[in-house]
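The values are calculated or read from the model by the stated rules, or taken from the named source; none is laboratory data. This structure is a prediction, so every number in the text was calculated from the model and none was measured. Every residue, glycine as well, gets a Cβ built from its backbone with ideal geometry; the counts of neighbours run over all protein chains shown.
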Amino acid sequence: MHHFHFLENTLLCEDVPVKEIAAKVGTPFYLYSHATLKRHFQVFSTAFSGIENLICYSAKANSNQAILRLFADLGCGLDIVSGGELYRGLKAGFTPERVVYSGVGKNTDEIDFALREGIRMFNVESLVELELINDRAGLLDKRAPIAIRVNPNVDPKTHPYISTGLKKNKFGLDAEAALDGYRRAMQMEHVEVVGVACHIGSQITEADPFEEALKSLKAMILELKQMSIHIKYLDMGGGLGITYADETPPPIEAYADSIIEQLKDLDLTLVLEPGRVLVGNAGILVTRVLFRKSGSVKNFIIVDAGMNDLMRPTLYNAFHAIEPVVNSHKELIVADVVGPICESSDFLAVDRSMGSVDGGDLLAIMSAGAYGYVMSSNYCSRPRVAEVMVKEGQFHIVKARENYEDLVRGETLPPFLEA
Ligand SMILES: *Cc1c(COP(=O)(O)O)cnc(C)c1O
């Protein structure tokens, strides 16, 4: 459920016509619906209310300050994968004890930052990382709360670039290595074992992979119990998929009920790291048609947003629905919707059946709230686009569009090139 809908052929975000925002802020821009974000968090949080839990929104899905603040205010925690995300999270109002830290490549500065702030838990992904955290905690006179990220070797049946829980993936440790890690951690002076974690992939649209992963985590927790290692937090990660086209992911309630059912006789706090499911369908990318061009075998619709603004189609061959911002019911055409970038992989849609458009028309690239702006770049010296949030009848720019000066900020000429 989201708050983008048509009224008399005009796309609205909550109560605001998208075309009016476009007229004021220019294009392209990302547009987020406050009511949708809030509702998604509340549905998620209500679904898990039957069990002790800490819901940690995964910052990397969309880390705009306004979005982080909104979730912080709703009582959400934060899942981070970098020092930069910790900085953003703290600035947006998350307290460190609501932060969990995942990622295969945490560096010393990042670990120190998280130790000083006193985050809830490090999700450790290798034995060398465990050693490093212990060493750094010793130097800072701290005790680091840790979970080991277990790789349960389940196939999440998603795109290979976003499956993370298979033996061949770089993430986590397999069960045996994890047990070894726990044994070692128990001998370490400056770490405290508090959890078991996993995250098996993203855009998962079936229930089975989660159930399988949970089974192996439970088995791990029972095995640890026999070794007198008491686990407080079971971190199921994120990964619940959304509908981009015709996918039918398990409803949040069903996903929650099956997890709760399996955990009801364990005395644990459940940690979850939802990203996409909270923000994906709460945002769109609005772009303007520049030109129409007919090749001998294809129709091209050239728009002012490119792969540098929304990378998912290029990176994962991802499908995003495309809607006209003002629907004038023109004849159907089949076309590639492409950007201005000098790469053939610069497309937003391929062979898409859609209503015909003319230069100047506005298009909405739907379901762009997750892994959209955060993955954007300045490739081809294109200033990053604006981000806008609507709440009820008002819109607010939450990230200004970059300008040309922003493009060269921080660049300096070495002395041998100065005049
Ligand atoms: C990316 C990521 C998430 C969020 O994944 P979604 O598919 O967006 O829910 C959660 N946990 C970890 C460790 C991640 O890397």
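Number of residues in the range 71-110 that are in a helix (DSSP H, G or I) and within 16 Å of the ligand (Cβ to nearest atom): the value is 9. The set of residues in the range 83-103 being surrounded by fewer than 20 Cβ atoms within 10 Å (Cβ to Cβ) and either polar (S, T, N, Q) or more than 24 Å from D141 (Cα to Cα) (or both) consists of R88, K91, G93, T95. Only one entry of I259, I221 meets the criterion of being closer than 14 Å to F44 by Cβ and not in a loop (DSSP other than H, G, I, E, B), and that entry is I259.
Does V337 fit the bill of being over 30 Å from I80 (Cα atoms), at pLDDT 95 or above, of a type in the set (A, V, I, L, M) and in a strand (DSSP E or B)? Against the criterion (over 30 Å from I80 (Cα atoms), at pLDDT 95 or above, of a type in the set (A, V, I, L, M) and in a strand (DSSP E or B)), V337 qualifies.
Restricting the range 182-240 to residues that are of a type in the set (V, I, T) and more than 14 Å from the ligand (Cβ to nearest atom), the residue that is surrounded by the fewest Cβ atoms within 10 Å (Cβ to Cβ) is I229. The residues of the range 302-316 that are assigned to a strand (DSSP E or B) and farther than 21 Å from Y244 by Cα amount to a single one, I302.
Going by what's in this entry, would G237 be described as touching a Pro at 6+ places or on another chain (Cβ under 6 Å) and at pLDDT 95 or above? No: the conditions fail for G237. Has the range 12-32 got any residue that is within 23 Å of E253 (Cβ to Cβ) and under 20 Å from the mean Cα position of the chain (by Cα)? No, the conditions are met nowhere in the range 12-32. Which of (1) hydrophobic (A, V, I, L, M, F, W, C); (2) more than 15 Å from the chain's Cα centre (by Cα); (3) closer than 25 Å to I200 by Cβ; (4) not assigned by TED's automatic domain parsing to the domain that holds H199 does A92 not meet, given it meets every other one? For A92, the exception is condition (3). From the list K399, K391, the lone residue that is within 20 Å of G275 (Cβ to Cβ) and surrounded by fewer than 20 Cβ atoms within 10 Å (Cβ to Cβ) is K399.
Scanning the range 159-174 for residues that are over 15 Å from L217 (Cβ atoms), at pLDDT below 80 and either within 12 Å of the ligand (Cβ to nearest atom) or not in a loop (DSSP other than H, G, I, E, B) (or both) yields P160, Y161, I162, S163.
Whenever a residue of the range 390-416 is at pLDDT below 95, its partners that are in a loop (DSSP other than H, G, I, E, B), lying with C-beta atoms within less than 8 angstrom and at least six residues away or across chains, give the pairs E392/E14; E392/D15; G393/E14; G393/D15. G295 fulfils the conditions (1) over 19 Å from A61 (Cα atoms); (2) touching a Lys or Arg at 6+ places or on another chain (Cβ under 9 Å) except for a single criterion, (2).
When T243 is tested against (1) surrounded by 18 or more Cβ atoms within 10 Å (Cβ to Cβ); (2) out of contact with any strand residue (DSSP E or B) (no Cβ under 6 Å at 6 or more places or on another chain); (3) modelled with pLDDT of 95 or more, only condition (1) is not met. I want to confirm something. Restricting to the range 273-294 and keeping residues that are among the polar types (S, T, N, Q) and more than 13 Å from the ligand (Cβ to nearest atom), which single residue is nearest to the chain's Cα centre (by Cα)? Here the residue is T287.
Would you pick out the residues in the range 271-293 that are of a type in the set (K, R) and closer than 25 Å to P249 by Cβ? Of everything in the range 271-293, just one residue is of a type in the set (K, R) and closer than 25 Å to P249 by Cβ, namely R276.
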